[in-house]
Number of protein chains: 2
Amino acid sequence: MEDLNTCIREKANPMQINECRKKVTANEESFTQLSGILALAGNEVRLKILYLLDQERELCPCDLSDILGMSIPAVSQHLRKMKDSNIIEFRKEGQTIFYSLKTENLKVLQPFFNIINRMNLTPNTA
Amino acid sequence: MEDLNTCIREKANPMQINECRKKVTANEESFTQLSGILALAGNEVRLKILYLLDQERELCPCDLSDILGMSIPAVSQHLRKMKDSNIIEFRKEGQTIFYSLKTENLKVLQPFFNIINRMNLTPNTA
DNA sequence: TTTCTATTTAAGTATTTGCTTAAATAATTA
DNA sequence: TAATTATTTAAGCAAATACTTAAATAGAAA
C-alpha cells in the first residue's frame, strides 16, 4: 500500500507501451485537428447543417432556422463556431449571408454524408 | 416591428426549404446515431484510445493510462462511455480487462485512422 | 431619415463534460 | 484468511456547451 491508484502490471509489455507512446506523440497534431472537426460534427444540429450545406451548396441562417425549427441566434452561433474552425465560409448578397462548406474539409466530411445517405436506403416503403 | 427575431425572407425558396425539412426528418435517426459516434471520437483522449485499440488490437485501462499519461479513473470513464455506446467491447483475463473495438463500427471509424496515418507521412526527418 | 429585414453579439442560465480524489469491487496471491 | 492488484464507481467541481432573450449592427426599402 504505497502507490495507490497506480497500476504497474507485471505482465505489461514495456516495449508495446513505449511504441504506443511514440505513436501518440508523433501524431499529436493530427489528433488535435481531427478531434476538433469531429467534435463539431458530433453535435446533431451542426451535423444537420453540414449535411444540408453539402446538399444545397449554400444556405442562409434564416432558412436553416426555418428548416431546423430552431431560433436564428442558435443557428447563428453554430455557424460561427464552424466558421471560426474554418470548415465553412460565407458570401454576402445584400443583407443575406450564404454559408457553404469549405472544399478543403470535404475529404473529412464526405464519408459522413455518405453514411447518412446509405443509412437511409428505404425512403418510401411502397 | 411585430415579429422580432423571426426572419421570413421574400426571396426564400419555399420548395427548397420544404425539401430540406423532408431530408432532415427522413434521416433523423441517422443524424442521432452518427453524431453520437462523432461526439465520442470528437474528444482527443477518446480518439487516441480508439486509434490505439485499432493499432494494438486490445489494451487494458492500466496500459492506456500509462501510454496517455493520465489517471486510471479518467481512462476508465472514457472507456465506459464508449462501451455504453457500443463502439468498444472487452474480455477479462484474470483481473485484467482488455478492451477492443467492435468490428461493427470499424466502417465509421476506419476513415479517421486513415486520416491520422496519412496526416503524418513525415515520421523522421532524415 | 426612418423603418424594416437579416444577422450577429452579448448576457444569463441550465446542462453536460471531464477531470479529481476517495471509496467500492473483484480477482490474485501470500 | 489478509494483503495486493486491476478496475470501477461515486461524489465533487471547474469549465465548456447550447440554448434563451434582449440588444447591437448593417443593409434595403419607404
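The values are calculated or read from the model by the stated rules, or taken from the named source; none is laboratory data. These numbers come from a predicted model, not from an experiment. Using ideal geometry, Cβ is built from the backbone for each residue, glycine included, and neighbour counts are taken over all protein chains shown. Note: areas computed on protein heavy atoms with side chains; ligands, DNA, RNA excluded. Shrake-Rupley method; radii C 1.70, N 1.55, O 1.52, S 1.80 Å.
State all residues of segment B:14-69 that are of a type in the set (S, T, N, Q) and over 22 Å from A:Leu109 (Cα atoms); if no residue qualifies, say none. If the condition is that a residue be of a type in the set (S, T, N, Q) and over 22 Å from A:Leu109 (Cα atoms), then B:Gln16, B:Asn18, B:Gln55, B:Ser65 are the ones that fit.
Answer yes or no as to whether B:Lys107 is modelled with pLDDT under 95 and part of a helix (DSSP H, G or I).
Numbers: modelled with pLDDT under 95: yes; part of a helix (DSSP H, G or I): yes.
When the stated conditions are applied, B:Lys107 passes them.
Could you tell me which residue of segment B:41-51 is nearest to A:Ala39 (Cα to Cα), considering only residues that are surrounded by fewer than 21 Cβ atoms within 10 Å (Cβ to Cβ) and at the interface with chain A (Cβ under 7 Å from one of its Cβ atoms)? Filtering first and then ranking leaves B:Gly42. Residue pairs whose Cβ atoms lie under 9 Å apart, sitting 6 or more positions apart in sequence or on different chains, and linking a residue in segment B:99-112 that is open to solvent by 50 Å² or more (accessible area, probe 1.4 Å) to a partner that is modelled with pLDDT under 90, are B:Lys107/A:Ile115.
Of the set (1) within 13 Å of DNA strand D (Cβ to nearest atom); (2) within 8 Å of chain A (Cβ to nearest Cβ); (3) more than 12 Å from the chain's Cα centre (by Cα), all apply to B:Leu38 but (3). Has segment B:91-104 got any residue that is within 21 Å of the chain's Cα centre (by Cα), more than 15 Å from DNA strand C (Cβ to nearest atom), basic (Lys, Arg) and more than 26 Å from A:Asn114 (Cβ to Cβ)? Scanning segment B:91-104 turns up no residue that is within 21 Å of the chain's Cα centre (by Cα), more than 15 Å from DNA strand C (Cβ to nearest atom), basic (Lys, Arg) and more than 26 Å from A:Asn114 (Cβ to Cβ).
A search for C-beta distances below 9 Å between a residue of segment A:7-30 that is more than 8 Å from every other protein chain (Cβ to nearest Cβ) and any residue that is more than 16 Å from DNA strand D (Cβ to nearest atom) and assigned to a helix (DSSP H, G or I), counting only pairs 6+ apart in sequence or on different chains, returns A:Glu19/B:Gln55.
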